[in-house]
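> Structure below; questions to follow.
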């Protein structure tokens, strides 16, 4: 069963930007695209743990600020010739509020 | 019918054979047997592993998944005991007997161990595999190590351990290091560089005996009586092809396993590749011919025609700070001539050996930038009679079209590294091109080649040109990125002429192919828009790299560095106290004095940035923009205030300049310096803009660089008064802002437009004033402290959006 936790207003995350949510096991990055879609990903690039929330968001992807790896916000897959994947978490926007799935965050705490 | 292939040994050569076979989906069932309990890794990268530049996992070329995906049956940690060539079977030490149609030897080589007394003591090792590397990595600054052998491998081992602080001595029997690749002069320079790294070098030293204690190595005794104490002794004196198994199976062997041009042994169903083979009397230790052999062996196995040809080889040493290159034959001999060039101050040595107007050998030390060009000449046997006079200075000094500009790149082997930042070789780029990446942007996206510092962009384009032939024209200027076909110059013209004042307007009018650009084009567009429309356009932080978005420099662990401005390098006790207090309060791990005459606080947490800025603001300090493509610092000397040689108030002018220019955005970073006299203590002549004060006024020069490129500034103009100097500098900065390509420093821009044109623009009094005025208009928006602004308006955005640490624990 999904229980959705209200995190913040959509407006708190800039378009083509990201903010962080702290969890017991490190930070989850909440991304907002130019089209106002919202994605939640582990805030660590599979390459050298670069903070993805600080990257440049373009289309449905983010470029890691450390070494320019490009990561799909939809799948977490690294794009291009590099290989790797970032964990993604369910996120949705309802009536201008960003919601995260509590079940997944709990699993994350247990994992 | 599917052929059964058994491969003996998982090394770099057989690994490459398997890649060729599986890439071609050959109808062959492969079993790979390896005595080492692991698959194929990049053995030549063991030195970077040793020095700590890479980890073992980074050099694994084939992991379990790779073998599984390609249906290679692996038997690792197993040895073959017998081969029955009549029955076409092999038997392993696990007692299994396996059938084969074809057998491939890749048994490699064994390190040669000199049979000195004591060579079997514990702690005497070779430098061959991961186990050896791990033994060396266990050494610390408390240990002493002796390396016997001053060749390529021995020196890489020595340098790798020295980099870890180990006390290393190299013992070499010959008169100079790397005598097979280097002549005496280059050997001398190399020795000097290694000694500077703390390595002790003994040449012409004969080892007599290895001394031990309780079965463990204790010291090496030389025949002159010298005793070199050590905890580990590494022998790196050469390799011997491993032919034992082949010999027992009755296959013809000499120094190595005899192979023909198709890599077939004396048995037509048995092939061999790599360091275990002997071809036309030669054996092989470098990787390039091994890869050539692998290609031929794979073709032979697939019944395709292919011939292995021995080529000229070149050597580079993988030791940081020792740039060294050698190729061909450089022994003295009748009918051979030398051309030598030395620059003692830079530690540069170049020697070419000529025979019948052809370069047959080259040795370079200290500056190897042109090595590929010379290597190309050796391989192509280019007639150099027309360029003999200037040959030694390299390709940049050759007039006319003496050589095909692409021949050097065409001659490079597949494993020649093109992109040093990302470790991308020519072969990988060729593969990407063959797979459909037919322009620079696509190659960059697929391989990352030229995607970091970009200095190899020209080389990558040449690889494209060589691979695609007439289908690829090296573009005069490449498009900004994959989002558009337009060049930087095109887009700048459009922004000005069409009065495009927002980013969506540019995307629309210039036909962007993506919804909202990418990390390459957006920062460029953001700069162009604010440079051309300072009043109308609003800076877009989301199109800026993190450093400029957060006004701090991101570090590798995600923390930031904070550099407050010190105008002209002048500070006060109060400022220093405030910096010290901030460093204490925010537990700053590293406080460093920068080259720009100020103080860097490194390791500040992102969340703490607004608070530390606020504290520094209260003490009267502002952002130093140490992170921006904009004005960084104005470095000064003390000038007439204190210096007995000073001709003008250089410090005062530096402060004035910094207070005028700070906050301005430029195509790339902008560094200035003002020296009070031609002694130039502020090092003004390697800055983007440098001012040298003289009795009669101010010499303003531009286009210096002291980074990846090293360049001296060139004189733009000399003016008699400080006011004129200020106006000229504002004008030239504005000219640069309005015209240069994003990420071109002044020297790169100057190379495109020419110093004469720039001088004309700022000499004309009307034009100079107009430029300076436009600069002031822009500064009316940007000459302010971004830290103060973020503290009051954006502090919240530096904090997490939510804290779920308690929530999730429920």
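> Report the calculated FRET efficiency for residue B:743 and residue B:97 (r = Cβ-Cβ distance, R0 = 60 Å), to the nearest 0.05.
Efficiency at R0 = 60 Å is approximately 0.40.
> Report, as an integer, the average count of C-beta atoms from other chains found within 10 Å of each Cβ along A:76-84. The partial results should precede the final answer.
Values: counts 0, 0, 0, 1, 6, 11, 3, 0, 0.
Mean inter-chain Cβ contacts per residue within 10 Å come to 2.
> Follow-up. Give me the inter-chain shielding for A:55-66: mean count of other chain Cβ atoms within 10 Å, whole number please.
Other-chain Cβ atoms within 10 Å of each residue's Cβ, averaged: 5.
> Add -39500 (n - 2.57) for each DSSP H run of 4 or more in chain B, then divide by its residues: what number comes out at 222 nm, to the nearest 500 deg cm²/dmol?
-9000 deg cm²/dmol
> If you don't mind, another one. Hey, how many Å between the Cα centroid of the range B:534-595 and the Cα centroid of the range B:45-95?
Using only Cα atoms, the two centres lie 51 Å from each other.
> Could I have the simple spin-label model distance between residue B:509 and residue B:248, label points 7 Å from Cα toward Cβ, reported in nm to one decimal?
My value for the distance between the label points is 7.9 nm.
> Normalised by the number of residues in the range B:545-704, what is the relative contact order in percent for Cα pairs under 8 Å and 6+ residues apart?
Result for the range B:545-704 is 19 percent.
> Taking a point 7 angstrom from the Cα of residue B:185 along the C-beta vector, which residues in the range B:358-381 have backbone N less than 18 Å away?
B:359-371, B:374-375
> Residue B:65 to residue A:74: FRET efficiency via 1/(1 + (r/R0)^6), r the Cβ-Cβ distance, R0 25 Å, to the nearest 0.05? Please list the in-between numbers first.
On the way: r = 24 Å, r/R0 = 0.96.
My answer for the efficiency is 0.55.
> While we're on this one: Considering only C-alpha atoms, what is the centroid distance from the range B:687-744 to the range B:341-391, in Å?
Between the Cα centre of the range B:687-744 and that of the range B:341-391, the gap is 36 Å.
> Sticking with this one: Based on alpha-carbon centroids, what's the gap between the range B:473-526 and the range B:141-220 in Å, whole number please?
55 Å
> Right, another one. Relative contact order of chain B: what whole-number percent is it, with Cα pairs under 8 angstrom and at least 6 residues apart?
6 percent
> What is the Rg over Rh value, at two decimals, for the range B:480-534, using alpha-carbon atoms and the Kirkwood definition of Rh?
0.90
> Got the relative contact order for the range B:488-544 handy, in percent, Cα pairs under 8 Å and 6 or more residues apart?
Averaging sequence separation for qualifying contacts and normalising by length gives 35 percent for the range B:488-544.
The numbers here are math on the coordinates, done by the rules we state, and not lab data. This structure is a prediction, so every number in the text was calculated from the model and none was measured. We place every Cβ from the backbone using ideal geometry, glycine too, and count neighbours over all the protein chains shown.
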